[in-house]
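The values are calculated or read from the model by the stated rules, or taken from the named source; none is laboratory data. Predicted model, so just to flag it, every value in this text is computed and none were measured. Counting neighbours? That spans all protein chains shown, and the Cβs are built from the backbone with ideal geometry, glycine included.
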């Protein structure tokens with residue numbers, strides 16, 4: 001749907017954390033994410049997000065993430081460019097979908 005973006009949300013956390021990467025630190029599995037929407041990895045379709053979960057997330061991380069659909073209102077205060085594009089039903093450019101470097105927050109598995 002052109003009027004939504006899809007993000008992977010960590011369902012085990014109290015706040016709103018959005019998934020970006022995965023890996024290990026010190027032998028412990030980590031999920032690396034963002035606490036603001038504009039910085040997180042975004043997908044144009046729910047199917048793209050689901051395929052990412054199946055192909056890119058480690059097995060331990062699949063059960064603790066859910067796909068959330070966000071519309072223009074969700075981005076209104078944090079990224080007016082994305083909000084305007086979603087409201088207009090315009091295709092979101094790829095550079096808006098990628099995670100922002102150096103804005104990570106890490107949570108342990």
* To do: Identify all residues within the stretch 46-58 that are more than 16 Å from residue 6 (Cα to Cα) and surrounded by fewer than 12 Cβ atoms within 10 Å (Cβ to Cβ); write none if there are none.
  => 55
* Asked: If a residue has to be under 15 Å from residue 6 (Cβ atoms) and either in a loop (DSSP other than H, G, I, E, B) or within 15 Å of the chain's Cα centre (by Cα) (or both) to count, how many in the stretch 80-97 make the cut?
  -> 6
* Structure fact -> Of 72, 61, the only residue that is at pLDDT 90 or above, on the phi < 0 side of the Ramachandran plot and surrounded by 17 or more Cβ atoms within 10 Å (Cβ to Cβ) is 72
* To do: Looking for whichever is closer than 15 Å to residue 98 by Cα and modelled with pLDDT of 85 or more here; the options are 37, 8. Which one fits?
  => 8
